[in-house]
Amino acid sequence: MKKAMISQQNLIRQNQSSIIFFALLILAGAVYQGGWSGTLHYDDEQNLAGLYGISDLQSALVFAVSGESGPTGRPISLLSFSIQNEAWPDPKPFLVANTVLHLLNGILVFIFIRLLFSRMEKISGEFFALLIASIWLMSPFLASASLIVVQRMTGLSAFFLFITLNLYLFYRPKYRVNYKSDIFLSFLVAVGCFTAGFSKENGFLIPVFILLIELLIVPTWDHKPVAIRPQTKFFLFVLPLIFIVIYLAYRGLSPGAFDFRDYSSGERLMTQTRVMFYYMQQLLFPSVTGVTPFHDDWVASRHLFDPISTFAALIGLIFLGVLAWSVRKKTPLVTFGISWFFAGHLLESTTLALDLVFPHRNYVPSVGLYIAIIALAYHAFKLLNIGKLIAQISGALYLSLFVIVLSNATNLWGNKLLSAEMWYIEKRESVRAAQYLFNYYLNDGQTDVAEQINNSLMNQFDGNLGFSFQSLTICDQSRDAFLNKISRVEADLINAPIITLNIAAPIQRFSAFAGHSDCPHFGISEADRLISAAEPGSRPIQKPASVALLFARAQIADHKGDYQEAANFLERSLDIMPTLDAAQLVPFYLVQAGLESDAISFLEGIIDKPPVGPFQSSLWKMRLSEILDTLQASDTTINYSDDALKY
């Protein structure tokens, strides 16, 4: 009996870190529960509105491969959303799933740190894994990755990334210089990049992370494993890095890449020097005010001294680089952590024409920052001869700060009214925070308050089309008052220097309901005025924006019963950018116009001109072949699925 008790105590002692971390997982789940009563945010509707059209497996696959987020379309992430299509648009089931995914990722990060440090003689891998993974799990600045529905893409990509890295670390000591080992590593990296990258493009950084482990961590292991063959290392890890750098240079230097931003590629790079320090500040010293979905109030750096903080940040980054290089032998974990942090930002924080700041971009990179800071603290405590107990208490207090801030932040996210008010107060220059406040009152039925807020915002952000469009969502009793709003939107559209999808998409949505909405003042003529004002003339226009305006024209023609004209507008959109919606709707309208033979000819000509991408190409040919076969079998009908008509 006594031996059994001793054995049980030893077992608990051996797994103490795992038991504590399991308890922290439960605590994290309870803390995140406060945010489950939150709402949808700006990118959710845009990316997930297609969930309405899912009715079976085929329509789910259609939705999964029809994404427009990033170069890949992120089909794996979209497929995960399609499983929950019946819950849409209720955000809670999606937020619960996101939280579960975050907890699973916490487990994977815990395992990753243990595997990474378990073979280091002078490092307590268990303690490091517990502290770093717990801090990462509870990091308030990462909360948006779980509390914004569409950011499951970030969490899912990280899920596959850490599974891949854990398998690599588990297999690495078993590597031998033979083709069997090389094939296994190649297969592992390929599958990892596919699953993580097609969830979100950051997953393609897996070879870069493995390269850092090979260069900085593997040489510190007690029993050094067999070195990976140079040619294998080059093709699996170095070559992908070269391709990524070339891609970033191409995208950043391509003519017109930043035409639709108010900053250039160089200005974005300069701005990111400041952004990196903002990220590090929020990750290491979190605050509730930093845990917000809205960061569009950031102003780009125009040159090195505008603002002066740009130059200071650049010097700071150079200092960090020199520090990381100089301590690579004495404290390789610090070098590794800093390198990991910046490598993780390689895609989203360099030359791509993306928004300047988003906290969720730190979801994977922050692991490196926490490794570096804890490793630095470990060496400082060791140098100052501070005991283990004091170190553990310090770590627990630091973690407690994270838990408190995270709890306050998630509760704020879960309170729709309070979050709308607080985020607008804290982010006075954020257009998105202002729109969120307006939408809260509008959806709550307080239209008078919403209109009063919007009028104030239109004065504050004079010429901003977002607020002009918002004014049209409130129908005035007086037709003259509503037509004055139309004139204001029309003037803002004419004065817009460029036409982006953010401008054209609302016009398409308004056109869909012209003459059929609850507002009797908005008819076909009003929609036509908006479309005409948005047509670019000599102004630059995004291709998706051109397509949206042509879809709006097709919708107006549909309302008039001119189906041949609707088909003509959609055919013009296909010349600009092939979309499956347009390709399916053209024959539909031609049949409606009594032009069945023209519909067949159109399909026969377009079926072999699919958009770029293996998924999109296969779906294109499958759907259009089905329509063509149906049309050829019957001169009068086409069997369209509901989602084909929702455009």
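Output the residues belonging to segment 228-248 that are touching a residue at least 40 places away in the same chain (Cβ under 8 Å) and more than 30 Å from Leu354 (Cα to Cα).
Ile228, Arg229, Thr232, listed by residue number.
I'm told Lys543 meets every condition in (1) of a type in the set (Lys, Arg); (2) modelled with pLDDT of 90 or more; (3) under 26 Å from the mean Cα position of the chain (by Cα) except one. Can you identify the failing condition by its number?
Evaluating Lys543 over (1) of a type in the set (Lys, Arg); (2) modelled with pLDDT of 90 or more; (3) under 26 Å from the mean Cα position of the chain (by Cα) leaves (2) as the failure.
So Leu108 clears everything in (1) hydrophobic (A, V, I, L, M, F, W, C); (2) in contact with an Asp or Glu (Cβ under 9 Å, 6 or more places away or on another chain); (3) under 30 Å from Ser17 (Cα atoms) except one condition, right? Which one?
(2)
Pairs please, first residue from segment 546-574 and over 25 Å from Ile498 (Cβ atoms), second anywhere and of a type in the set (Ser, Thr, Tyr), Cβ atoms under 6 Å, 6+ apart in sequence or on different chains.
Tyr563/Tyr589; Ala566/Tyr589; Ala567/Tyr589
List the pairs whose first member sits in segment 1-28 and is on the phi < 0 side of the Ramachandran plot and modelled with pLDDT of 90 or more, whose second member is part of a helix (DSSP H, G or I) and of a type in the set (Phe, Trp, Tyr), and whose Cβ atoms are under 8 Å apart, counting only residues at least 6 apart or on separate chains?
Every condition considered, the pairs that remain are Phe21/Phe110.
Could you check how many residues of segment 511-540 are open to solvent by 40 Å² or more (accessible area, probe 1.4 Å) and free of Cβ contacts under 8 Å to residues at least 60 places away in the same chain?
So the answer is 15.
So, in segment 119-137, of the ones that are small (Gly, Ala, Ser) and in a helix (DSSP H, G or I), which residue ends up surrounded by the fewest Cβ atoms within 10 Å (Cβ to Cβ)?
Going residue by residue through segment 119-137, those that are small (Gly, Ala, Ser) are 124-125, 129, 133-134.
The next check asks that each one be in a helix (DSSP H, G or I); those that pass are 125, 129, 133-134.
Details: Gly125: 16, Ala129: 23, Ala133: 26, Ser134: 27.
By that ranking, first place goes to Gly125.
Which of the residues spanning segment 147-191 are surrounded by fewer than 24 Cβ atoms within 10 Å (Cβ to Cβ) and in contact with a Pro (Cβ under 9 Å, 6 or more places away or on another chain)?
Arg172, Pro173, Lys174, Tyr175, Val189
Give me the residue from segment 19-41 that is farther than 16 Å from Ser407 by Cβ and in contact with a Leu (Cβ under 8 Å, 6 or more places away or on another chain) and, out of that set, least open to solvent (accessible area, probe 1.4 Å).
Here the residue is Phe21.
Of everything in segment 472-502, what is open to solvent by 10 Å² or more (accessible area, probe 1.4 Å) and either closer than 21 Å to Ala557 by Cβ or of a type in the set (Ser, Thr, Tyr) (or both)? Give them in sequence order.
Thr473, Ser478, Ser487, Glu490, Thr500 - these are the residues of segment 472-502 that are open to solvent by 10 Å² or more (accessible area, probe 1.4 Å) and either closer than 21 Å to Ala557 by Cβ or of a type in the set (Ser, Thr, Tyr) (or both).
Would you pick out the residues in segment 318-351 that are over 18 Å from Val367 (Cα atoms) and either crowded, with 20+ Cβ neighbours inside 10 Å or touching a His at 6+ places or on another chain (Cβ under 7 Å) (or both)?
If the condition is that a residue be over 18 Å from Val367 (Cα atoms) and either crowded, with 20+ Cβ neighbours inside 10 Å or touching a His at 6+ places or on another chain (Cβ under 7 Å) (or both), then Thr351 is the only one that fits.
Give me the pairs: first residue in segment 171-191 and farther than 20 Å from Trp221 by Cα, second residue aliphatic (A, V, I, L, M) and open to solvent by 50 Å² or more (accessible area, probe 1.4 Å), beta-carbon distance under 8 Å, and six or more apart or on different chains, which are they?
Taking only residues 6 or more apart or on different chains, the pairs are Leu188/Leu167.
For residues that are assigned to a helix (DSSP H, G or I) and out of contact with any helix residue (DSSP H, G or I) (no Cβ under 7 Å at 6 or more places or on another chain), scanning just segment 422-441, find the one that is least open to solvent (accessible area, probe 1.4 Å).
Filtering first and then ranking leaves Asn439.
State all residues of segment 66-87 that are in contact with a helix residue (DSSP H, G or I) (Cβ under 8 Å, 6 or more places away or on another chain) and either in a helix (DSSP H, G or I) or crowded, with 21+ Cβ neighbours inside 10 Å (or both); if no residue qualifies, say none.
Gly67, Arg74, Pro75, Ile76, Ser77, Leu78, Leu79, Ser80, Phe81, Ser82, Asn85, Ala87
Given Leu369, Leu354, Leu406, Leu399, which one is over 17 Å from Leu131 (Cβ atoms) and open to solvent by less than 60 Å² (accessible area, probe 1.4 Å)?
Sole residue among the options that is over 17 Å from Leu131 (Cβ atoms) and open to solvent by less than 60 Å² (accessible area, probe 1.4 Å): Leu354.
To keep it simple, each residue is scored yes or no on (1) in a helix (DSSP H, G or I); (2) closer than 22 Å to Arg114 by Cβ; (3) modelled with pLDDT of 90 or more; (4) not charged (D, E, K, R).
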| residue | (1), (2), (3), (4) |
| --- | --- |
| Leu347 | no, no, yes, yes |
| Thr350 | no, no, yes, yes |
| Val367 | yes, yes, yes, yes |
| Ala372 | yes, yes, yes, yes |
| Ile386 | no, no, no, yes |
| Gln392 | yes, yes, no, yes |
| Ala396 | yes, yes, yes, yes |
| Leu399 | yes, yes, yes, yes |
| Phe402 | yes, yes, yes, yes |
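Considering (1) touching a helix residue (DSSP H, G or I) at 6+ places or on another chain (Cβ under 6 Å); (2) touching a residue at least 60 places away in the same chain (Cβ under 8 Å), say which one Ala196 fails and leave the rest.
Ala196 satisfies all of (1) touching a helix residue (DSSP H, G or I) at 6+ places or on another chain (Cβ under 6 Å); (2) touching a residue at least 60 places away in the same chain (Cβ under 8 Å) except (2).
What pairs come up if the first residue lies in segment 204-220 and is polar (S, T, N, Q), the second is not in a helix (DSSP H, G or I), and their beta carbons are under 8 Å apart, counting only those six or more places apart or on different chains?
Final answer for the pair search is Thr220/Met120.
Would you point out which residue out of Thr99, Thr195 is closer than 23 Å to His360 by Cβ, of a type in the set (Val, Ile, Thr) and open to solvent by 10 Å² or more (accessible area, probe 1.4 Å)? Full working, then the answer.
Numbers: Thr99 fails: open to solvent by 10 Å² or more (accessible area, probe 1.4 Å).
Step by step, each of Thr99, Thr195 is checked, and only Thr195 is closer than 23 Å to His360 by Cβ, of a type in the set (Val, Ile, Thr) and open to solvent by 10 Å² or more (accessible area, probe 1.4 Å).
Conditions (1) within 24 Å of Met280 (Cα to Cα); (2) surrounded by 24 or more Cβ atoms within 10 Å (Cβ to Cβ); (3) free of Cβ contacts under 8 Å to residues at least 12 places away in the same chain; (4) among the β-branched types (Val, Ile, Thr), marked per residue:
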position	(1), (2), (3), (4)
Pro93	no, no, yes, no
Asn105	yes, yes, no, no
Phe117	yes, no, no, no
Ser139	yes, yes, no, no
Ala145	yes, yes, no, no
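The values are calculated or read from the model by the stated rules, or taken from the named source; none is laboratory data. Fair warning: this is a prediction, and the values are worked out from it, not measured in the lab. Methodologically, a virtual Cβ is constructed for each residue, glycine included, from the backbone with ideal geometry; neighbour enumeration extends over all protein chains shown. Ligands, DNA and RNA are excluded from the accessible area calculation, which covers all protein heavy atoms including side chains. Shrake-Rupley method; radii C 1.70, N 1.55, O 1.52, S 1.80 Å.
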